[in-house]
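Asker: The structure is given below, and queries will be raised subsequently.
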Amino acid sequence: MHTDFDVVIVGGGPIGATVAALLARHGGIAPKRIALLAPELTSDASASSKPADAGAVDLRVAAISRASETLLRNAGAWEHMPQARLCAFERMRIWHESAPADGPGTLVFSAAELAEPNLGYIVENRALAAAALASFREQGGRLIASSLRALATDAQVARLGTGHGDFSARLVVGADGARSQVRALLALPVREHDYRQNAIVANIATARPHQHTAWQRFLATGPLAFLPLFDGSCSIVWSADKEFAEQLMALAPPEFAQRLQAASDGVLGAMELRGERLAVPLRRATTVTLIGKRVALMGDAAHVIHPLAGQGVNLGFMDAAALCGVLSAGIAEGEDPGAARLLTRYEQQRLTHDTLMSWTMSGFSEVFARGPGPAGWIAARLLGLANANALMRRSFARRALGLAGEVPALARRVRAPAQDSSLTKEAAC
Ligand SMILES: Cc1cc2nc3c(=O)[nH]c(=O)nc-3n(C[C@H](O)[C@H](O)[C@H](O)COP(=O)(O)OP(=O)(O)OC[C@H]3O[C@@H](n4cnc5c(N)ncnc54)[C@H](O)[C@@H]3O)c2cc1C
């Protein structure tokens with residue numbers, strides 16, 4: 001049956017844009033048969049995909065693992081990233097409020113210990129999506145500046161209704177975020193849990209240097225993270241019980257900065273808020289299935305997880321890598337990209353992994369959100385014990401980087417660490 005496109009990707013965030021670029025390069029599909037649909041694209045595609053290489057730091061940033069970096073390189077997106085705005089981080093320090101930041105109870109991951117140049121990069125979300133869109137456009141993919149309004153799928157075809165007209169496709173990829181329309185229009189079931197926390201996101205200047213370190217302190221009210229940025233400042237993600245978070249948001253900037261400094265145990269000295277704060281309600285959402293007839297879900301459309309370990313976007317990138325791998329192998333054997341057999345293979349690779357990660361983050365959030373009493377003492381001891389066991393520590397770190405465990409082929413590193421090292425030094429802040 002003739003269709004307008006082979007694949008239509010709904011969503012132009014980091015995941016939608018990356019899967020589009022990846023499919024155009026490695027999916028075995030002609031790029032002009034791939035379309036990406038998102039409302040924020042402008043009709044002037046060159047403007048919409050211009051890398052974000054100037055202006056204030058984006059409030060939304062992500063910690064990108066080695067596996068995600070490899071995937072972005074394979075998608076042709078890495079070369080479009082504004083290199084001067086990437087910040088390599090070399091350490092992570094994780095401690096509990098009932099223990100001192102520099103004591104034996106602090107869990108420390110270090111790149112040097114893994115013989116890696118860094119543990120990843122802190123990257124602006126806007127720049128991520130723009131870089132992947134630039135690669136997709138460069139390869140001849142089609143951008144449609146509109147929203148999905150209607151979707152009907154059957155065994156033969158998927159039909160999409162958009163503000164820009166109707167389209168047909170063999171496969172629809174739902175990468176349209178936490179409030180996915182693709183998922184809603186097909187009534188694909190989702191399990192949700194409200195954490196009753198808000199994450200306060202802001203950029204701050206600190207009196208002491210961030211030392212290319214990602215810091216995380218577990219407080220009874222929720223975890224507080226400092227992510228190092230290219231300009232020497234930090235991005236914070238302060239997850240706190242709703243009522244407390246609302247009080248914090250109501251404070252004037254200087255008072256907020258003082259509370260932040262106290263909550264961080266003063267590890268980065270005096271702090272100053274730079275620009276606005278944003279409060280994001282936190283919830284866990286996992287879909288019961290990643291697929292429907294001629295539909296595959298990925299990224300936040302498939303799973304929303306607690307941001308405490310900074311794994312959300314990385315998980316979505318691995319979905320993208322898995323789908324691309326399955327499609328290219330299937331298409332090489334003459335399969336239809338929307339064939340149920342291929343989609344099932346994709347789901348088999350990702351559903352258990354994604355769900356497990358989501359529950360693990362919930363578990364961490366529960367275990368470590370303890371005050372200074374006995375439960376807090378145990379939580380702090382757990383971090384200390386993990387730190388004391390070098391084998392366990394390295395194994396955690398290698399998994400978090402995507403250097404171990406089940407990693408889709410397109411995200412597996414082939415480059416020798418020594419080569420990465422020189423690249424990283426140039427790219428690092
Ligand atoms: C406070 C906080 C901190 C975080 N920190 C990290 C971190 O350090 N590391 C990490 O890995 N992850 C982090 N995450 C998670 C990460 O931000 C998300 O996992 C990631 O942004 C998801 O990307 P996405 O492309 O799936 O969705 P989104 O970025 O939400 O993009 C969705 C896209 O779909 C489009 N869209 C929506 N509806 C429609 C429609 N009807 N039609 C067409 N298009 C549509 C939107 O316009 C957009 O382009 C954090 C999350 C939070 C809340």
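Asker: Can you say whether residue 333 is at pLDDT 90 or above and among the charged types (D, E, K, R), as far as the supplied structure shows? Walk me through how you get there before you give the answer.
Answerer: Working: at pLDDT 90 or above: yes; among the charged types (D, E, K, R): yes.
In short, yes.
Asker: Let me ask another. Within the stretch 284-305, restricting attention to residues that are outside any strand (DSSP E or B), of a type in the set (A, V, I, L, M, F, W, C) and over 24 Å from residue 237 (Cα atoms), which residue is modelled with the lowest pLDDT?
Answerer: Here the residue is 288.
Asker: Inside the stretch 6-35, can you point out the residues that are assigned to a loop (DSSP other than H, G, I, E, B), on the phi < 0 side of the Ramachandran plot and within 9 Å of the ligand (Cβ to nearest atom)?
Answerer: 12, 13
Asker: With respect to the numbered conditions (1) part of a strand (DSSP E or B); (2) closer than 29 Å to residue 261 by Cα, which one is the sole condition not fulfilled by residue 102?
Answerer: Single failed check for residue 102: (1).
Asker: Can residue 114 be described as away from the ligand (no atom under 11 Å from the Cβ) and within 18 Å of residue 226 (Cα to Cα)?
Answerer: So residue 114 does not fit the description; no.
Asker: Further question: Could you identify the single residue in 140, 222 that is closer than 29 Å to residue 26 by Cβ and either buried (at least 20 other Cβ atoms within 10 Å of the Cβ) or not aliphatic (A, V, I, L, M) (or both)? Steps first, please.
Answerer: Values: 222 fails: closer than 29 Å to residue 26 by Cβ.
From the options 140, 222, the qualifying one is 140.
Asker: So which of 273, 290, 297, 323 is surrounded by fewer than 22 Cβ atoms within 10 Å (Cβ to Cβ), more than 14 Å from the chain's Cα centre (by Cα) and more than 9 Å from the ligand (Cβ to nearest atom)?
Answerer: 273
Asker: Identify all residues within the stretch 245-270 that are surrounded by fewer than 17 Cβ atoms within 10 Å (Cβ to Cβ) and without any contact (Cβ under 8 Å) to a residue 40 or more places away in the chain; write none if there are none.
Answerer: 247, 250, 251, 252, 253, 254, 255, 258, 259, 262, 266
Asker: Then there is this: When both residues are 6+ apart or on different chains and their Cβ atoms are under 6 Å apart, which pairs have a first residue that lies in the stretch 325-342 and is farther than 9 Å from residue 28 by Cα, and a second that is surrounded by fewer than 17 Cβ atoms within 10 Å (Cβ to Cβ)?
Answerer: 325/409; 342/335
Asker: Follow-up question, since we're still on this one. Under 9 Å between Cβ atoms, at least 6 apart or on separate chains: pull out the pairs that start in the stretch 46-75 with a residue that is buried (at least 24 other Cβ atoms within 10 Å of the Cβ) and in a loop (DSSP other than H, G, I, E, B) and end on any residue that is at pLDDT 95 or above and among the charged types (D, E, K, R).
Answerer: These pairs meet every condition: 75/25.
Asker: Continuing with this model, one more query. Residues being within 18 Å of residue 307 (Cα to Cα) and free of Cβ contacts under 8 Å to residues at least 60 places away in the same chain: count how many of those fall in the stretch 210-243.
Answerer: 8
Asker: Just for strands (runs of 3 or more DSSP E) wholly inside the stretch 138-229: which have at least 1 residues that are of a type in the set (S, T, N, Q) and either within 15 Å of the ligand (Cβ to nearest atom) or modelled with pLDDT of 95 or more (or both)?
Answerer: The strands (runs of 3 or more DSSP E) meeting that bar are 148-153, 158-162, 165-174, 190-206, 213-219.
Asker: Among (1) of a type outside the set (S, T, N, Q); (2) surrounded by 18 or more Cβ atoms within 10 Å (Cβ to Cβ); (3) farther than 30 Å from residue 5 by Cβ; (4) more than 14 Å from the ligand (Cβ to nearest atom), which single condition is residue 306 missing?
Answerer: (4)
Asker: I would also like to ask the following. Quick one: residue 318 ticks every box in (1) touching a helix residue (DSSP H, G or I) at 6+ places or on another chain (Cβ under 8 Å); (2) surrounded by fewer than 22 Cβ atoms within 10 Å (Cβ to Cβ) except a single one, so which number is it?
Answerer: Evaluating residue 318 over (1) touching a helix residue (DSSP H, G or I) at 6+ places or on another chain (Cβ under 8 Å); (2) surrounded by fewer than 22 Cβ atoms within 10 Å (Cβ to Cβ) leaves (2) as the failure.
Asker: If you don't mind, there's one more thing I want to ask. Keeping to the stretch 136-183, report how many residues are out of contact with any strand residue (DSSP E or B) (no Cβ under 7 Å at 6 or more places or on another chain) and under 13 Å from residue 10 (Cα atoms).
Answerer: Here is the first cut: in the stretch 136-183, the residues out of contact with any strand residue (DSSP E or B) (no Cβ under 7 Å at 6 or more places or on another chain) are 138-140, 145, 154-156, 165, 177, 179.
Next, from what is left, pick out any that are under 13 Å from residue 10 (Cα atoms): 145, 177, 179.
Within the stretch 136-183, residues that are out of contact with any strand residue (DSSP E or B) (no Cβ under 7 Å at 6 or more places or on another chain) and under 13 Å from residue 10 (Cα atoms) number 3.
The values are calculated or read from the model by the stated rules, or taken from the named source; none is laboratory data. All values reported here derive from a predicted model rather than from experimental measurement. Cβ atoms come from the backbone with ideal geometry, glycine included; neighbour counts cover every protein chain shown.
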